[in-house]
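The values are calculated or read from the model by the stated rules, or taken from the named source; none is laboratory data. Everything numeric here is computed off the predicted structure, so don't read it as measured data. Because the Cβ atoms are built from the backbone with ideal geometry, glycine has one as well, and the counts that use them run over all protein chains shown. The accessibility values were calculated without ligands, DNA or RNA, using every heavy atom of the protein model including side chains. Shrake-Rupley method; radii C 1.70, N 1.55, O 1.52, S 1.80 Å.
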Amino acid sequence: MSRGALLVLEGCDRAGKSTQVKKLVQALNDLGIPAQERRFPDRSTTIGTVIDQFLSNKNDLPPETVHLLFSANRWECVAHMQKTLEAGTTLVVDRYAASGAAYAAVSTKKDLFWCKEPDRGLPAPDFVGFLTIDNNVLATRGGWANERFEKQEFQKIVAENFLKLKEDTWKVIQADQEVDVVHNQILKEALRVIKDVEGQPIKKLYE
Ligand code: DGP
């Protein structure tokens, strides 16, 4: 049986990732392609609960510790992700390792190389759609939750970090267009990648 693809949407807070993840899963399922949604941080796990408390300012932890917790939160889901992909189901993931490095480099003030290391060996995304949007437009979008990292200056540097992390599997998508225009671009890429990786093994990140 051919495997599913690991598709990731990345971007700053409020870039529209969650909307696009849902639309993509729905569109793939409508086309008869098995696909499931996932998001990181996964706040439903024990580690995710600590992350959730940190993000909502209910606990204080050193930034390095937080970084490792975010990574651990991804690692604890690996077996399930791998099983799902091997069973032929595509995963559409809202944030993954690039968020880990892009955010941690700001909060820990360490370089991106250091920040990438804990995620080395995770299942590698077959595709990363990076939703980019002007920082000032971002600031005017509703739905800010006043969580820990939701500050304009912080988000600006995160956006710069994302671009430094860009690899061949990435596509930069202008997110300040109509929702359906953005969706159609992502869907086109997703269909191409799902077909391309059918017979390929799941790669490991940064290896
Ligand atoms: P979200 O649930 O997508 O709104 O993410 C919550 C916040 O956590 C958001 O400000 C982005 C940040 N974040 C997501 N993943 C990571 C990560 O791996 N490391 C760090 N330091 N921050 C992250």
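General observations
- Potential extension, Leu163-Ala79 segment - 0.36 nm per residue separation minus Cα distance: 27.3 nm
- Based on protein heavy atoms only, the range 1-41 ends up with 41 Å² per residue of surface accessible to a 1.4 Å probe.
- Cubic angstrom per residue, convex hull over Cα atoms of the chain: 112
- The range 122-154 and the range 19-58: distance between their alpha carbon centers, rounded to Å: 15
- All alpha carbon pair distances within the range 106-207 were sorted into 5 Å bins beginning at 0; the resulting P(r) in whole percents reads 2, 9, 17, 19, 19, 17, 11, 5, 1.
- Within the straight-line cut-off of under 13 Å between alpha carbons, the aspartates and glutamates reachable from Lys109 are Glu64, sequence neighbours fewer than 8 places apart in one chain being disregarded.
- Between the helical axis of 97-108 and the longest alpha-carbon principal axis of the chain there is an angle of about 10 degrees.
- For Lys110, the lysines whose Cα comes closer than 27 Å to its Cα, not counting residues fewer than 8 places off in the same chain, are Lys17, Lys58, Lys151, Lys156, Lys164, Lys166, Lys171, Lys203, Lys204.
- Summed over all non-identical Cα pairs, the Kirkwood treatment of the range 1-88 gives a radius of 14.7 Å.
- Calculated FRET efficiency for the pair Leu61/Phe149, C-beta based, R₀ 22 Å, to 0.05: 0.95
- Put simply, when 175-183, 99-107 are sorted by average Cβ atoms within 10 angstrom per residue, most first, you get 99-107, 175-183.
- Element breakdown for the range 64-207 at a 1.4 angstrom probe: carbon and sulfur atoms account for 53% of the accessible area.
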